[in-house]
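These notes concern the structure reproduced below.
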Amino acid sequence: MTTSTVFTWAIANLERETADGFVFTAHYTVEAKDDTYSAGAYGSIGFERPENLIPFADLTEATVVGWVKEALGDEKVANVESALQGQLDEQRHP
């Protein structure tokens, strides 16, 4: 039986400057789940101030997850997901 792993990236917390809403740090979670097992990771990443700020009230989780993935880069995103897949594989076949 083949199981498909779903990776869910989410934002746990944002740190921002209250004066203008600039988000300087995002704390994120990544959950890997298949039909039986799950594994998770937590991290944080800082951001440089952009030229054009999106008002804090207008930020969506999808937008910030996109920033996180962009800041991490494709290789690091793949490494995080691969490590979580390894944890699922270890649970399935200890």
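Candidates in region 1-42 are the residues that are at pLDDT below 95 and of a type in the set (A, V, I, L, M); of these, the one that is surrounded by the fewest Cβ atoms within 10 Å (Cβ to Cβ) is Met1. Hey, can you tell me all the residues within region 43-55 that are surrounded by 14 or more Cβ atoms within 10 Å (Cβ to Cβ) and at pLDDT 95 or above? Across region 43-55, the qualifying residues are Gly43, Ile45, Phe47. Within region 55-83, the set of residues being closer than 18 Å to Ala12 by Cα, touching a residue at least 24 places away in the same chain (Cβ under 8 Å) and out of contact with any helix residue (DSSP H, G or I) (no Cβ under 6 Å at 6 or more places or on another chain) comprises Phe56, Ala57, Leu59, Glu61, Val64, Val65, Trp67, Val68, Ala71, Leu72, Val80, Glu81. Within region 36-60, the residues that satisfy the criterion of being closer than 18 Å to Val6 by Cα and under 14 Å from the mean Cα position of the chain (by Cα) are Ala39, Gly40, Ala41, Tyr42. Highlighted here are the strands (runs of 3 or more DSSP E) found entirely within the chain that include at least 1 residues which are of a type in the set (Lys, Arg): 6-16, 23-33.
Restricting region 84-93 to residues that are open to solvent by 60 Å² or more (accessible area, probe 1.4 Å) and without any contact (Cβ under 8 Å) to a residue 40 or more places away in the chain leaves a set whose member that is nearest to Ala32 (Cα to Cα) is Asp89.
The values are calculated or read from the model by the stated rules, or taken from the named source; none is laboratory data. This is a predicted model, so every value here is computed, not measured. As a convention, Cβ positions derive from the backbone with ideal geometry for all residues, glycine included, and neighbour counts pool all protein chains shown. Accessible surface is based on the protein model in full, side chains and every heavy atom, while ligands, DNA and RNA are left aside. Shrake-Rupley method; radii C 1.70, N 1.55, O 1.52, S 1.80 Å.
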